[in-house]
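Structure first, commentary second.
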Amino acid sequence: MREVFIEDLFRVFAEGAGRIELDQPVSELMDTPFSAIGYDSLAMLETASRLEREYGVTLSDDDVNDAKTPRLLLQLVNAAQTR
C-alpha cells in the first residue's frame, strides 16, 4: 500500500464533502483543526469511509473523531495500512 499524503487527504475530502476555498496551501494546514478548515463531523465520517475504500484500511469512528487535524488523520490512516 502507498503512503497517504496531505494532498491525497484533501482530494478525498473534496470528492466526498466538497471543495472549500483555502487561503493557504494544504501543506501548511497539517496542524489546523478540521473545524477551522471548514469540515464538520459529517465530512469527517464521509471522508473516513472513502479513505477506507480507497486505501483498504479500517478506521473506527472514535479514532476518526479523535483525529482533529490533518496530521493526526494521516497518521491514523498510514498506521492502519501497516496492520
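The values are calculated or read from the model by the stated rules, or taken from the named source; none is laboratory data. If you're wondering where the values come from, they're calculated on a predicted model, not measured in any experiment. Cβ: placed from backbone, ideal geometry, glycine included. Neighbour counts: every protein chain shown.
Against the condition at pLDDT below 90, of a type in the set (V, I, T) and loosely packed, with under 15 Cβ neighbours inside 10 Å, how does I20 come out, does it pass?
So I20 passes the test.
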Residue tally, condition of a type outside the set (G, A, S), surrounded by 13 or more Cβ atoms within 10 Å (Cβ to Cβ) and without any contact (Cβ under 8 Å) to a residue 60 or more places away in the chain, over region 70-83: 4
Do you know which residues across region 23-69 are exposed (fewer than 15 other Cβ atoms within 10 Å of the Cβ) and either part of a loop (DSSP other than H, G, I, E, B) or aromatic (F, W, Y) (or both)? D23, Q24, P25, M30, D31, P33, G38, D40, G56, T58, S60
Within the set of pairs 6+ apart or on separate chains, which have a first residue in region 36-60 that is at positive phi and touching a residue at least 24 places away in the same chain (Cβ under 8 Å), a second that is surrounded by fewer than 17 Cβ atoms within 10 Å (Cβ to Cβ) and assigned to a loop (DSSP other than H, G, I, E, B), and C-beta atoms under 7 Å apart? G56/M1
